[in-house]
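Let me begin by presenting the structure, written as structure tokens, before commenting on it.
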Amino acid sequence: MELLKLEHIFLSYHTPGGETPALQDVSFSLEQGEFAAIVGPSGCGKSTILNLIDRLLPPESGNIFIEGKPLADSHLNIGYMLQKDHLFEWRTIYSNVLLGLEIQHKLTPENRARVEDMLEAYGLAPFRNARPSELSGGMRQRAALIRTLALDPALLLLDEPFSALDYQTRLHVADDIGQIIRRERKTALLVTHDISEAISMADRVIILSPRPARVRRIVPVSLSIPERTPMRSREAPEFKTYFNLIWKELNSHEGD
Ligand code: ADP
Ligand code: MG
């Protein structure tokens, strides 16, 4: 089933300095349970797309549908994960992961139990009374993900969630977060400027042009490895072929 559909989206930012076209006829859709990645050069309009889906910005023209209904009529729960984890130092890890539920007045026994299960399953239970600064960058991102998943979002938006981490940590955290999202069977849309990260995590890669963003190509990723995880994906024989294909597409000047 189609969970999300963007149809001919146009958007420009209007500032005193003038008009900045950011999105130009962007269309794509996302199936239920699918993990898609959006890659594009810095400043091309990737975060703008996520902000539209999260209802933070209205499109100038075009339509967004959730489960076939206009976005404005949908009450679908959307989770948003950013580069900064936004954990509060004055709260323990436990009260940080409960924050979203607290704000939305959803601190029910069932929701608490689900959070407890996730803390246990994903190795954070021993750190429940720790402060964010006592955790590694990877553990903090895991806590941020649990806080997002606590609200049981049907769609997860991830905006370059690993770009603040150093390369080694980044590989491990992407592997970790990718596996948790798969295990929780979430539909996810990851924005990244890292081609390898996109291939390693996604079922499909949506390639954008430089600003104003247009969809250059959508590449389905199929890797011949058993039990695909982000880390193992990098070992797949097809990985390099996908990398080269996407690299070429990103760097072509056709139509710019
Ligand atoms: P990306 O996430 O791909 O780096 P963004 O979607 O954040 O790009 O931004 C796309 C373009 O729109 C950039 O050139 C950026 O400077 C511009 N932009 C983003 N937000 C605003 C805003 N609130 N006002 C004016 N221009 C903006
Ligand atoms: Mg961005």
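The values are calculated or read from the model by the stated rules, or taken from the named source; none is laboratory data. Everything quoted here is computed from the prediction, not taken from an experiment. Glycine gets a Cβ as well: all are built from the backbone with ideal geometry, and neighbour counts include every protein chain shown. Accessible surface is based on the protein model in full, side chains and every heavy atom, while ligands, DNA and RNA are left aside. Shrake-Rupley method; radii C 1.70, N 1.55, O 1.52, S 1.80 Å.
Structure notes:
- √(5λ) per eigenvalue of the Cα gyration tensor, the range 15-110, largest first, Å: 29, 19, 14
- Of the whole protein surface, Asp203 contributes about 40 Å² of accessible area at a 1.4 Å probe radius.
- Take every pair of alpha-carbon atoms less than 8 Å apart whose residues are at least six positions apart; their mean separation over the length of the chain yields a relative contact order of 26 percent.
- Per-bin percent of Cα-Cα distances, the range 215-254 [5 Å]: 5, 23, 28, 19, 15, 8, 3, 1
- Loop-exposed GluC sites (Glu not before Pro) per DSSP, neighbour cap 11 Cβ within 10 angstrom, longest uninterrupted part of the chain: 90-226
- Solvent-accessible area of Phe10 with every protein chain in place, 1.4 Å probe, in Å² to the nearest 10: 80
- Counting only DSSP beta bridges with both residues in the chain, the antiparallel share comes to about 55 percent.
- Shape of the range 147-243, Cα gyration tensor, a/c cut at 1.5: rounded
- Cβ-based net charge around Val26, under 12 Å, with every Lys or Arg adding one and every Asp or Glu removing one: +2
- The ellipsoid equivalent to the alpha-carbon distribution of the chain has semi-axes of 30, 23, 17 angstrom, derived from the gyration tensor eigenvalues as √(5λ) and listed largest first.
- Cβ-Cβ FRET estimate between Phe243 and Phe88, R0 fixed at 41 Å, reported to 0.05: 0.60
- Solvent-accessible area of Thr241 with every protein chain in place, 1.4 Å probe, in Å² to the nearest 10: 100
- Loop-located chymotrypsin sites (Phe, Trp or Tyr not before Pro) across the range 174-256 with a Cβ neighbour count of 10 or fewer within 10 Å are lacking, with loop assigned by DSSP.
- Heavy-atom accessible area, probed at 1.4 angstrom with all protein chains present, ranks Leu99, Leu57, Leu119 as Leu57, Leu99, Leu119, highest first.
- Among the chymotrypsin sites (Phe, Trp or Tyr not before Pro) in the range 38-94, those located in a DSSP loop and surrounded by at most 16 other Cβ atoms within 10 Å of their own Cβ are Phe88, Trp90.
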